[in-house]
Amino acid sequence: MAEKALSQAPCCPSPDQSIGVVVATKEEKPRPSSCCGCWLVPNGPSGHSWLTKIRFASSLFSLFHVLAVVGFAKDIFVEKFGCDVTTIGMLFMVISFWTPLNQFIHGNLQDRQCLARIFPIERWGRRSPWLLTHVIIAAFAACAMYLPPGQSDSLLQAWFFIMVFLANWGVSASLIAFESARVEIYPFKEERILVEGICKYTCMLGGGSGCMPMMILLWSSIFAYRLGLSFFIFAMSLMSLWAVPVLKDAKARSDSAGLGGVMSIFAEALPWRSNANKAMQHLIAVKCWHGAYGSSIATVILYYVTYVLQLSGWSRNLVLAGAACAAGLTEIICNAIYMWMFGTGDSRSDKTGKSDRNLLEFVVLMRIVNAFITCLIIGFAEPSVSLLFIWSVTSRIGLCGFSFWRISAQCWLVDEDCHFGPEPGRRREGIIFGALNMMQNFSGAFLSSAVFIGLGLAGLKTQNCNAQCEESAEVPEDCVNSCFAEVILSQPDSLRQFVRVVMGFWAPFCELMVACHSWYFPIKGARLRKVNNAIRQSRGEDLAADDNIAVVSPGGRERVNQMAAHRAASKMAVDLGQCHDEDWVAKLTHTIAFMQGRPGPTSMAVFFECGDGLLGSSNCSDSHSTAQVKSSTDAQQPSAAALPEDQDAAEERQVISI
C-alpha cells in the first residue's frame with residue numbers, strides 16, 4: 001500500500017507543487033432553521049445531534065442516582081438503625097468484593113450476546129437490552145433499600161445485604177452496556193470527550209438527586225419519610241430508560257467462539273511474558289489506584305465532617321450540601337472549559353499527535369498538583385469548614401480533566417485490540433471493560449472495606465439514638481440531636497487522626513501513582529496514529545492522500561536543515577534515484593524491510609529523495625520531495641497514511657543514503 005500511495009505522485013514535483021496530503025473529511029452541516037434547531041442537527045463522525053448525545057449520556061443518570069442512594073446505606077443502617085459497625089462493614093466488604101465479579105460476568109454475557117434470542121440484534125443491538133432490563137432491577141432495589149420489613153438486627157443485616165447486592169448487579173450490567181456502546185458509536189477522541197463531558201453533567205444530576213433524599217434520612221429516618229422518599233427514588237431510577245433507543249446503534253456482532261474470558265485479558269498483561277500488553281498493564285494500574293483513591297475519599301468524607309469537624313444534624317447537612325455545591329459548581333465550569341480545550345478539533349488530521357500529548361501532560365500535572373494541595377489542606381492544616389470548602393474546589397479543578405484522558409485511553413485500548421490484537425477483527429469491548437472495571441472495583445472494595453473496618457478499630461462507637469428516644473419524654477428531634485452530639489464528643493482522638501491520615505496522606509499517594517502510570521501509558525504518538533488510521537479505513541475514509549510531501553529548496557544544506565528541524569529521534573534519508581528510474585519501488589521495499597529488521601524502536605522519520613544518489617543534489621528540476629514519518633509496522637497495514645515519530649523512541653539520530 002505504501003508503494004501504491006507513493007506511486008500516485010510524480011517522483012519529482014515542481015517547486016510550487018505540494019503533493020498530497022491534506023485529506024480531511026469535511027462534514028457538511030445543514031443550517032438549523034432556529035436557535036433550538038441546532039440541537040437536532042447531526043454533527044461529528046457518529047452523525048448524532050447534540051440531543052442524541054444527551055440522550056445517550058442520560059444512561060448514567062439513573063445509575064449514579066442508585067449509587068448515591070445505596071452508597072449511604074451502610075452509614076444509615078449503622079447510624080440510624082443501630083446496626084453493628086463491624087458486622088455491616090463485613091457484609092459491605094463481601095458485597096464490594098462480589099461487585100467486581102459482576103463486571104466480569106456481565107462483560108462475558110454481553111459480548112456473547114446472551115439476550116439475542118429475546119431481543120434480536122438487528123432490532124435492539126447488543127447493548128440496549130442490558131440497559132433496559134437491569135436499570136429496572138436497580139430501581140426496585142434502590143426503592144426498597146430503606147423499607148426493611150422489621151427492626152431486628154439479623155433482619156436488618158439480611159435486608160441490607162440483599163438490596164445492595166441487587167442494586168450493584170443492575171448498575172454493573174448497565175454500566176458495561178453503556179461503556180461498550182460508547183466505544184462503538186463514537187469512534188474518535190473528540191466526540192468521546194464531548195460525550196464524556198455531557199455524561200459528567202448527567203452523573204452530577206443523578207448523584208445530586210440521589211443525595212437529596214439521603215440528606216433527609218440522615219436528619220430523620222422515621223417511616224413516613226422513608227416511604228415517601230422511596231417513590232421519588234423509584235421514579236428517578238427509571239430515567240435512564242430514555243437512552244435505550246440510542247444504544248440500539250451498537251450492532252456490531254462478535255464471534256463468541258474466540259472471545260476468551262477476563263482471565264485471558266489478565267494473561268496478556270502478565271509482566272513476565274515476552275509479548276506482554278504494556279498498555280493493558282498501565283491501564284489496569286491506573287484503574288486500581290484510581291479506585292483506591294475514590295473509595296478512600298468517599299468512605300471517610302462523612303466521618304471527617306462528623307467527627308473531625310464535630311458537626312451533626314442540620315449543620316452537618318448544610319456543610320455537606322455546601323461543599324457538594326461548591327465542588328459541583330467548580331466541576332460544571334471546569335468541565336465546560338476542558339470540553340472546549342480537548343473536545344474541539346479533529347485528531348484525524350493531527351498527525352503530530354500534539355492534541356493527545358497536551359491532554360496527557362495536562363491531566364498528569366493537575367493530579368500531581370492536587371495531591372500536594374490535598375496533603376497540605378487535609379493532612380497538615382488545622383481542620384475547619386472553610387478549608388473543607390477550599391479543598392472541595394481545588395480537588396475538582398485537579399480531577400475534572402482526568403476522566404477525559406481515562407475514557408480516551410480505555411477506548412484506544414479497545415480499538416487497538418480490535419484492529420491489531422491477537423485476533424484482528426474480534427470485538428470484546430465488554431470483556432475488556434469488565435476486566436478494567438473489575439480491577440477498579442476490586443481495589444475500591446478492598447480499600448473501602450479496609451477503611452470502614454479501620455474506623456471500628458480506631459475506636460468508632462455508635463448508638464441507635466432513634467430507638468433510645470422513642471420512649472423519652474423529650475421532643476424526639478431534640479432528644480436525637482442531643483444523643484448524637486454526645487456520641488460525637490465521646491469518640492477518641494485516634495478516630496480523628498485515622499480519618500485525617502486516610503484523606504490527607506493515603507489519598508494523595510494514590511493520586512501520584514495514577515499520574516505515574518498515566519504518563520507511561522504507551523498508546524500515543526505513532527502507535528495511536530496507526531489505531532486512528534485503522535478506524536478511519538474501517539469506516540471507508542480515504543487515506544491515500546495523507547502523506548504530506550513537502551517541497552524544499554535545492555542544496556544539501558536545505559535538506560539537512562529540514563531533517564534537523566523534524567521532531568523525530570530516529571531519521572533516515574532514502575535516495576530513490578533518478579526521476580524516471582523504475583527501480584524506486586524496489587528501493588522503498590528494501591527500506592521497509594530494513595526498518596522492520598532493526599531492533600529497538602519501530603518508528604522512524606523517513607525522508608525520500610529524488611536525485612542522483614547524493615544527499616542534497618537533484619537532477620529533477622532542482623527540487624526535492626520529503627515524505628512525513630512512516631512507521632515500519634505501518635507498512636504491514638492497509639493504511640498508507642503517514643505517522644509521526646513516537647516520542648518514546650530513544651535512538652541516536654542518523655542519516656542513511658540507500
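Would you confirm whether any residue within the range 327-348 is over 22 Å from the mean Cα position of the chain (by Cα) and in the same structural domain as residue 293 (by TED's automatic domain parsing)? No, the conditions are met nowhere in the range 327-348.
Screening residue 532 with (1) more than 30 Å from residue 416 (Cα to Cα); (2) part of a helix (DSSP H, G or I); (3) not aliphatic (A, V, I, L, M) gives one miss only, at (1).
Over 30 Å from residue 387 (Cα atoms), free of Cβ contacts under 8 Å to residues at least 24 places away in the same chain and either touching a helix residue (DSSP H, G or I) at 6+ places or on another chain (Cβ under 9 Å) or not hydrophobic (A, V, I, L, M, F, W, C) (or both), is that true of residue 269? Before you say what the answer is, go through the steps one by one.
Values: over 30 Å from residue 387 (Cα atoms): yes; free of Cβ contacts under 8 Å to residues at least 24 places away in the same chain: yes; either touching a helix residue (DSSP H, G or I) at 6+ places or on another chain (Cβ under 9 Å) or not hydrophobic (A, V, I, L, M, F, W, C) (or both): yes.
Judged against the criteria, residue 269 is a match.
Residue 291 satisfies every condition listed in (1) part of a helix (DSSP H, G or I); (2) out of contact with any Ser or Thr (no Cβ under 6 Å at 6 or more places or on another chain); (3) touching a residue at least 40 places away in the same chain (Cβ under 8 Å) except (2).
Residue count for the range 443-457 under the criterion of being at pLDDT 85 or above and either surrounded by 21 or more Cβ atoms within 10 Å (Cβ to Cβ) or acidic (Asp, Glu) (or both): the result is 5. When each of 306, 299 is tested for being closer than 22 Å to residue 499 by Cβ, at pLDDT below 90 and not aliphatic (A, V, I, L, M), the lone residue that passes is 299. Exactly one residue out of 196, 268 is out of contact with any Lys or Arg (no Cβ under 8 Å at 6 or more places or on another chain), within 28 Å of residue 96 (Cβ to Cβ) and either outside the structural domain of residue 58 (by TED's automatic domain parsing) or at pLDDT below 90 (or both): that is 268.
A single member of 155, 131, 166 is surrounded by fewer than 24 Cβ atoms within 10 Å (Cβ to Cβ) and either touching a Phe, Trp or Tyr at 6+ places or on another chain (Cβ under 6 Å) or over 17 Å from residue 68 (Cα atoms) (or both), and it is 155. One residue alone among 139, 158, 235 is in contact with a Ser or Thr (Cβ under 7 Å, 6 or more places away or on another chain), of a type outside the set (S, T, N, Q) and part of a helix (DSSP H, G or I), and that residue is 139.
Buried (at least 19 other Cβ atoms within 10 Å of the Cβ) and either not β-branched (Val, Ile, Thr) or not in a helix (DSSP H, G or I) (or both), is that true of residue 413? For residue 413, the condition - buried (at least 19 other Cβ atoms within 10 Å of the Cβ) and either not β-branched (Val, Ile, Thr) or not in a helix (DSSP H, G or I) (or both) - is met.
Can you tell me which of 171, 183 is closer than 18 Å to residue 254 by Cα, modelled with pLDDT of 90 or more and not hydroxyl-bearing (Ser, Thr, Tyr)? From the options 171, 183, the qualifying one is 183.
Yes/no per residue for (1) farther than 30 Å from residue 102 by Cβ; (2) among the acidic types (Asp, Glu); (3) part of a helix (DSSP H, G or I):
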{"residue": "444", "(1), (2), (3)": "no, no, yes"}
{"residue": "468", "(1), (2), (3)": "yes, no, yes"}
{"residue": "480", "(1), (2), (3)": "yes, no, yes"}
{"residue": "491", "(1), (2), (3)": "yes, no, no"}
{"residue": "501", "(1), (2), (3)": "yes, no, yes"}
{"residue": "506", "(1), (2), (3)": "no, no, yes"}
{"residue": "514", "(1), (2), (3)": "no, no, yes"}
{"residue": "537", "(1), (2), (3)": "yes, no, yes"}
{"residue": "540", "(1), (2), (3)": "yes, no, no"}
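Look through 390, 431, 407, 378 and report the one residue that is surrounded by fewer than 18 Cβ atoms within 10 Å (Cβ to Cβ), touching a residue at least 12 places away in the same chain (Cβ under 8 Å), assigned by TED's automatic domain parsing to the domain that holds residue 303 and in a helix (DSSP H, G or I). Matching residue, one of 390, 431, 407, 378: 390. Do we have any residue at all in the range 161-172 that's touching a Gly at 6+ places or on another chain (Cβ under 6 Å) and closer than 30 Å to residue 47 by Cβ? For the range 161-172, residues touching a Gly at 6+ places or on another chain (Cβ under 6 Å) and closer than 30 Å to residue 47 by Cβ: absent.
Residues that are surrounded by fewer than 16 Cβ atoms within 10 Å (Cβ to Cβ) and of a type outside the set (Gly, Ala, Ser) within the range 293-338 comprise 310, 314, 318, 325, 329, 332, 333, 337, listed in sequence order.
Counting only residues that are among the β-branched types (Val, Ile, Thr) and part of a helix (DSSP H, G or I), which one in the range 86-121 is nearest to residue 430 (Cα to Cα)?
In the first step, residues of the range 86-121 are kept if they are among the β-branched types (Val, Ile, Thr); the result is 86-88, 94-95, 99, 105, 118, 121.
Subset that is part of a helix (DSSP H, G or I): 86-88, 94-95, 99, 105, 121.
On the way: 86: 35, 87: 34, 88: 32, 94: 24, 95: 22, 99: 16, 105: 10, 121: 16 Å.
Among residues in the range 86-121 that are among the β-branched types (Val, Ile, Thr) and part of a helix (DSSP H, G or I), the one nearest to residue 430 (Cα to Cα) is 105.
Taking the stated definitions as given, is residue 92 at pLDDT below 85, loosely packed, with under 15 Cβ neighbours inside 10 Å and in the same structural domain as residue 201 (by TED's automatic domain parsing)? So residue 92 does not fit the description; no.
Of all the listed residues (178, 231, 223), the sole one being at pLDDT 90 or above and surrounded by fewer than 17 Cβ atoms within 10 Å (Cβ to Cβ) is 231.
Residue by residue, here is whether (1) buried (at least 18 other Cβ atoms within 10 Å of the Cβ); (2) at pLDDT 85 or above holds:
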| residue | (1), (2) |
| --- | --- |
| 33 | no, no |
| 54 | yes, yes |
| 100 | yes, no |
| 123 | no, yes |
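Looking at residue 395, is it out of contact with any Phe, Trp or Tyr (no Cβ under 9 Å at 6 or more places or on another chain), surrounded by 21 or more Cβ atoms within 10 Å (Cβ to Cβ) and of a type in the set (Gly, Ala, Ser)?
Working: out of contact with any Phe, Trp or Tyr (no Cβ under 9 Å at 6 or more places or on another chain): yes; surrounded by 21 or more Cβ atoms within 10 Å (Cβ to Cβ): yes; of a type in the set (Gly, Ala, Ser): yes.
Judged against the criteria, residue 395 is a match.
Just checking, which of 263, 204, 239 is farther than 30 Å from residue 123 by Cβ and at pLDDT 85 or above? Quick ask: steps written out before the conclusion?
On the way: 263 fails: at pLDDT 85 or above; 239 fails: farther than 30 Å from residue 123 by Cβ.
None of the others qualify; the one that does is 204.
On inspection, residue 409 does not qualify as touching a Pro at 6+ places or on another chain (Cβ under 6 Å), at pLDDT 90 or above and not aromatic (Phe, Trp, Tyr).
The values are calculated or read from the model by the stated rules, or taken from the named source; none is laboratory data. Keep in mind that what you see is a predicted model, and the values were worked out from it rather than measured. Glycine also receives a Cβ, built like all others from the backbone with ideal geometry; neighbour counts cover every protein chain displayed.
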